[in-house]
Amino acid sequence: AYQSATLTVYADGVDITSQITFVVDSSSATMVSSSTGLNNVVAGVQAGTTLVRTYPGSPVSVSVTTSDTVVTGEVIARIVTSMTWSDPPTTSYGYAAIEDVVVAYENEMNTEGDSGLIFAQILWSDGQYQDVGCGSGTGTTSYVSLLSSIIVDAPGQNGNSDSFTRATVAQGADPICTEQGISVDVSFCGTNVVNQGFVPIFLDLPLAVSATLAVDENRLAEQGSDATLSPINVKSTSKMRLIVTFRDTTTQVETTRDLTDDSRAVYSADSACAAVDNGSDEVTIVDNSCNRGNADVSVAITFNTGVLTASASVLVVDVEDATLDFVGYPSGGMTFTAIGLIQCDNTYHSVNTRMRAILSNGRGTFTVSSQATYSSDNNGIAFVSGRRVQGVGPGDAEITGLFGTSTTAVSIITVTDSVIDPVNRVQWTIPGIVSETYLDTIDSTRSTNTVIVFDSGLTFSLGSTANNGVPAISSMVTFLTDTPFALDYVDLDGTTQIKANSINMATLTAQLICDTEVFDTEVVAANLDPETLDVDLGNEHGLQFETVAVGDTISIDVRANPGSNAYLRSLSLVVEVASLGLIDASTAVWTAPGVPIFPVTVATNIPGEPQRLFILSGAAAPTGSTPKGEVYLGTLNVTASGTGNAAIYGDIQSMETVQTISCDISAVPKPSCYASVESEAVVAGAGVIDIGDGAVVFTP
């Protein structure tokens, strides 16, 4: 077979080879090779000389001679593990400039499993170099390892995804330096051109000098032991860990490797209570003979330089003891040795069990209350359900707890017909109270929260019915109000209802039925929130009207509620005082907001109508800047003229609202976006002003 050659064409310093279709004057001596897949390779056919041109008739040509002179080749092959630029190319360079770059390759194989790729060239006897085994037309290379320390994998073998043959340091490899580690054959077109070339091998492997064995878990328990159960969760099996120290024979630097899974490592159990699995590298405690002591294991790992051994111990534990006592039911409180009657209700309290398991060797105490099962030796005195021990009748009962299969604890509970844990306090809350204000629409109700706290710290959250040993609210607590016309209750469970604005602060009380000295109170101002299409007068929070003295100015804020999703469209309103002589209507002055949202016209000091405080009217179509919902219209200021309770009331002669800016209020029938009311009494704004004589002055 004849050699081949590669052609290169430069135009003004630019390599244009890939753009050229080469032709030969005589294909009897040389031809353009098509088998390589490249456009610039010519191969000899027989002895002779011809010109190769860049196109037929091109003046650009080169003479190629094919000779029958026999040339021989020598393989130069190396294992490369990494490559770096010794002299990297510049980031930019001028036209036609020559760039000299240097690449350094390394062969560093000093650990079992290290690998590199084999790259090969042929140095022909005519002084030419040729890369081989690197693609179409470059020949075929075949590698065979001559050493047990090196594994050779061709592309596609044993996970080798590279295009070149891979050489890997075998497990148990010896340090070695040889010129003939791997043999290589090179063939072209099925003909061997180089027989028995070689790849040099240098394995700079460190020496194994020591081994350390450890057990991952710091304690283990026998398989099936109660100590393996939740929540203790001591394991019965643990992974072992083998670390081997290696020393570099040149630098004497020591490094470590995890060889736990190495096939040369053989693990052994040195204690009868343990067994090892060399497949999973685990140790398991198979019996309890090592309890309160250690289970010993060892390992031997064989290297070419000898055998290293190591040993380790792991503590073996079990549940050694258990305790059982009783705590408050359903929650809170101290420990109990007796069950008494629930104050007021006269049924028996219950207690919860609390069981703890104690590991041997002082390795911890674990609460296993929820995982244990319980029983009573006398269900006529104390009955057990889950963790709950319920008093049934006076006497002593023995309660037994069982955790797992063999851990038990026993404790005595005494049941007595007396109150041994009296109620310490009632904790009662009304949700939604802000700034001491009970703000809600008329006749609305609220469920309240009632908690009983006993001297022990035990707590009962009471409900409307008895629930698993916790009494109903009605059997423990009664509810009182000093302002029933404004705030009252609708049931025995303390559900409150607002009925009117309160004149003064209202006191609501939750009181223990059987002890009037035990109670909790809420002191609030009942303040009605306006419903849709209603008007509110006075303060929005706190008391609707503060107590004033004769001569004081009474300020009455006026707010209209078209609904949270609607605009106020029009309003006609009359507000009066029920009794003459308490408020001087002739002093009434209306103050509009600085920037009115809904402008109104207000008439005050109306001749011949001393009870009428003001008449208000207004109409305005909403715009894009108009807010929806409650509207503050302004404030009426008037003077208190006499002592007593001045009742304020009003009449909504008409109110119109719209939900959209484009809602047509003149349409017949009225559209769904429109709502109105006529001749309706003011509800949320109706109230009473407490006017004193102002004569009493308190000086501290």
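Some notes on this structure:
- Within region 304-314, if we keep just the residues that are open to solvent by 20 Å² or more (accessible area, probe 1.4 Å) and assigned to a strand (DSSP E or B), the residue that is modelled with the lowest pLDDT turns out to be 306.
- Which listed residue is among the β-branched types (Val, Ile, Thr), under 23 Å from residue 460 (Cβ atoms) and at pLDDT 95 or above, from 392, 368, 410: 392
- The single condition among (1) in contact (Cβ under 8 Å) with a residue 24 or more places away in the chain; (2) touching a strand residue (DSSP E or B) at 6+ places or on another chain (Cβ under 6 Å); (3) not basic (Lys, Arg) that residue 466 does not meet is (1).
- Only listed residue being among the β-branched types (Val, Ile, Thr), touching a Lys or Arg at 6+ places or on another chain (Cβ under 6 Å) and within 28 Å of residue 683 (Cβ to Cβ), chosen from 496, 483, 532, 445: 496
- Every condition in (1) assigned to a loop (DSSP other than H, G, I, E, B); (2) closer than 30 Å to residue 293 by Cβ is met by residue 238 except one, and the failing one is (1).
- Only one entry in 488, 529 is of a type in the set (D, E, K, R) and over 30 Å from residue 675 (Cβ atoms), namely 488.
- Residue satisfying all of: in region 191-221; in a loop (DSSP other than H, G, I, E, B) and under 29 Å from residue 282 (Cβ atoms); modelled with the lowest pLDDT among these: 206
- Checked against the criterion of being at pLDDT 95 or above, part of a loop (DSSP other than H, G, I, E, B) and over 19 Å from residue 545 (Cα atoms), region 641-657 has no qualifying residue.
- Test: residue in region 606-616 that is in contact with a Lys or Arg (Cβ under 8 Å, 6 or more places away or on another chain) and of a type in the set (Asp, Glu): no
- Pick from region 584-599, criterion of a type in the set (A, V, I, L, M) and touching a Pro at 6+ places or on another chain (Cβ under 9 Å), ranking: most open to solvent (accessible area, probe 1.4 Å): 597
- Condition check for residue 265: over 30 Å from residue 470 (Cβ atoms) and among the small types (Gly, Ala, Ser): yes
- So residue 323, is it of a type outside the set (D, E, K, R), part of a strand (DSSP E or B) and either modelled with pLDDT under 95 or more than 30 Å from residue 415 (Cα to Cα) (or both): no
- Taken together, the residues in region 468-488 that are touching a Pro at 6+ places or on another chain (Cβ under 9 Å), of a type outside the set (A, V, I, L, M, F, W, C) and either surrounded by fewer than 18 Cβ atoms within 10 Å (Cβ to Cβ) or at pLDDT 95 or above (or both) amount to 1.
- None of 451, 415 is modelled with pLDDT of 95 or more and touching a Ser or Thr at 6+ places or on another chain (Cβ under 9 Å) except 451.
- Candidate set: region 66-95, residues that are outside any loop (DSSP other than H, G, I, E, B) and charged (D, E, K, R); chosen: the one nearest to residue 12 (Cα to Cα): 87
- Residues satisfying the stated conditions in region 385-400, i.e. surrounded by 14 or more Cβ atoms within 10 Å (Cβ to Cβ) and over 12 Å from residue 339 (Cβ atoms): 387, 398, 400
- Of all residues in region 308-323, those being touching a Lys or Arg at 6+ places or on another chain (Cβ under 9 Å) and among the hydrophobic types (A, V, I, L, M, F, W, C) number 6.
- Condition check for residue 288: surrounded by fewer than 15 Cβ atoms within 10 Å (Cβ to Cβ) and out of contact with any helix residue (DSSP H, G or I) (no Cβ under 8 Å at 6 or more places or on another chain): no
- Scanning region 91-127 for residues that are in contact (Cβ under 8 Å) with a residue 24 or more places away in the chain and out of contact with any Pro (no Cβ under 9 Å at 6 or more places or on another chain) yields a total of 21.
- Test: residue in region 108-117 that is modelled with pLDDT under 90, hydrophobic (A, V, I, L, M, F, W, C), part of a strand (DSSP E or B) and in contact with a strand residue (DSSP E or B) (Cβ under 9 Å, 6 or more places away or on another chain): no
- Taking region 443-494 as the range and being polar (S, T, N, Q) and within 29 Å of residue 528 (Cβ to Cβ) as the test, the residues that pass are 444, 445, 447, 448, 449, 450, 464, 474, 478, 481, 483.
- Meets criteria (on the phi < 0 side of the Ramachandran plot and without any contact (Cβ under 8 Å) to a residue 24 or more places away in the chain) for residue 562: no
- Exclusive hit being at pLDDT 85 or above and part of a helix (DSSP H, G or I), set 18, 63, 27: 18
- Here is the figure for region 70-87: residues that are touching a residue at least 12 places away in the same chain (Cβ under 8 Å) and over 30 Å from residue 169 (Cβ atoms) total 3.
- Among all residues of region 296-303, there is at least one that is open to solvent by 50 Å² or more (accessible area, probe 1.4 Å) and at pLDDT 95 or above.
- Of the residues 517, 546, the single one that is under 22 Å from residue 648 (Cα atoms) and free of Cβ contacts under 8 Å to residues at least 24 places away in the same chain is 546.
- Matching residues, region 233-249, being open to solvent by 10 Å² or more (accessible area, probe 1.4 Å) and either among the hydroxyl-bearing types (Ser, Thr, Tyr) or modelled with pLDDT of 95 or more (or both): 233, 235, 236, 237, 239, 241, 243, 245, 249
- Counted residues, region 329-358 - those being open to solvent by less than 20 Å² (accessible area, probe 1.4 Å) and either modelled with pLDDT under 95 or not in a strand (DSSP E or B) (or both): 3
- Check on residue 282, in contact (Cβ under 8 Å) with a residue 40 or more places away in the chain, over 23 Å from residue 361 (Cα atoms), open to solvent by 70 Å² or more (accessible area, probe 1.4 Å) and touching a Lys or Arg at 6+ places or on another chain (Cβ under 6 Å): no
- Residues (open to solvent by 60 Å² or more (accessible area, probe 1.4 Å) and at positive phi) located in region 401-456: 435, 436, 443
The values are calculated or read from the model by the stated rules, or taken from the named source; none is laboratory data. Just so you know, these numbers come straight off a predicted model, no measurement behind them. Note that each Cβ is placed from the backbone with ideal geometry, even for glycine, and that neighbours are counted across all protein chains shown. Heavy atoms of the whole protein, side chains included, go into the accessibility calculation; ligands, DNA and RNA do not. Shrake-Rupley method; radii C 1.70, N 1.55, O 1.52, S 1.80 Å.
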